[in-house]
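The values are calculated or read from the model by the stated rules, or taken from the named source; none is laboratory data. Computed from a predicted structure; not experimentally measured. All Cβ positions, glycine included, derive from the backbone under ideal geometry; neighbour counts span all protein chains shown. Surface accessibility is based on the protein's heavy atoms, side chains included, excluding ligands, DNA and RNA. Shrake-Rupley method; radii C 1.70, N 1.55, O 1.52, S 1.80 Å.
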Amino acid sequence: MSLLVVGSIALDTIETPTGKVENALGGSSTYISIASSYFQDEVHLIGVVGEDFPQEHINLLKNHNIDISGLEIVKGGKTFRWGGKYHTDMNQRDTLFTELGVFERFDPKIPEKERKDEFVVLGNIHPALQNHVLSQLDSPELIVCDTMNLWIETAYDELLEVIKKVDVLIINDSEARLITKENNLIKSAKMIMEMGPKHLIIKKGEHGALLFGEDKIFAAAAYPLESISDPTGAGDTFAGGFTGYLSRSGDLSFDNMKRAVVYGSAVASFCVQEYSTKKIENLTKDEIQKRFKEFHEITRFDDAGF
Ligand code: AMP
């Protein structure tokens, strides 16, 4: 099974309470494709960068066996740049700047071969672009979609069009509340499921994630980490691990989705341990499997009656 990833590719300047990096590798599809590459040998990345995009980043993607033939490098253009600053409570961040560069004219064209990919992750980009991607695809088995507060606030109707067509929507708790104007997450989840998706994942940062299916809920814990360097891309990394695992097994049952949520949480827990993509660049399958087992251990309990 092959996996198509479409989203942003960026150079990020990130400030957290413990440090700062400038022009580091970022972007939704970068995190998604690196994370999914640990599970899936056939990852096809569609994106756009400028001529200033460092060769070392291209090499990194290639070393992860990610097919970048759909990566457009615009001559003389500048890569999308994003700057963000985290508060002491790292669940809160401010966007300091957004320099769109070549991203402003991003017109994702899906090559003939990739239109047949069975699994698709729509990373965070304008919903109109996500819709445009969907209109070019044959009939994928599973479409997973991420978004952000900016689009909920500025492109709500276009976002609803996308949500109607996707199989799994991945958002965080504040985005769920923003979409539905409903504070209770369970009610909010029900309202979103009525909008179209068969499954919904609501991430709650350091408090884990909830998976909703038809009449079913699974609550996944977050990995207990003592220190976090940089939360940027954790959600995208989650989406990459989740879909990478599902596409490898091809099993779309709710039980397998539960495992996929934990694999997604496992790779995301590595992501936040270092800045940018630094930690997830050099993982091994054994490390991911070990962390998956730790998740199992910290949440397992037996029913011994009382
Ligand atoms: P996350 O922490 O999961 O929200 O993802 C952070 C990544 O999203 C960063 O690497 C940014 O480059 C990228 N990003 C920030 N704003 C946007 C935007 N408006 N469109 C697409 N990608 C963005």
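Here are the numbers for the structure shown:
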item: Some residue of segment 36-52 being under 20 Å from the mean Cα position of the chain (by Cα), open to solvent by 80 Å² or more (accessible area, probe 1.4 Å) and modelled with pLDDT of 95 or more; result: yes
item: Subset of segment 271-292 (residues that are part of a loop (DSSP other than H, G, I, E, B) and either crowded, with 18+ Cβ neighbours inside 10 Å or of a type in the set (Val, Ile, Thr) (or both)); result: 272, 275, 276, 277, 283, 284
item: Residue that is surrounded by the fewest Cβ atoms within 10 Å (Cβ to Cβ), among those in segment 97-120 that are assigned to a strand (DSSP E or B) and within 16 Å of the ligand (Cβ to nearest atom); result: 97
item: Unique match (being touching an Asp or Glu at 6+ places or on another chain (Cβ under 6 Å) and either over 15 Å from residue 35 (Cβ atoms) or not aromatic (Phe, Trp, Tyr) (or both)) among 221, 239; result: 239
item: Residue identified as open to solvent by 70 Å² or more (accessible area, probe 1.4 Å), in a loop (DSSP other than H, G, I, E, B) and at pLDDT 95 or above among 78, 62, 85; result: 78
item: All positions within segment 221-256 that are in contact with a strand residue (DSSP E or B) (Cβ under 6 Å, 6 or more places away or on another chain), farther than 23 Å from residue 26 by Cα and crowded, with 19+ Cβ neighbours inside 10 Å; result: 247
item: Residue list for segment 121-138, filter: more than 16 Å from the ligand (Cβ to nearest atom), touching a residue at least 12 places away in the same chain (Cβ under 8 Å) and either assigned to a loop (DSSP other than H, G, I, E, B) or open to solvent by 30 Å² or more (accessible area, probe 1.4 Å) (or both); result: 137, 138
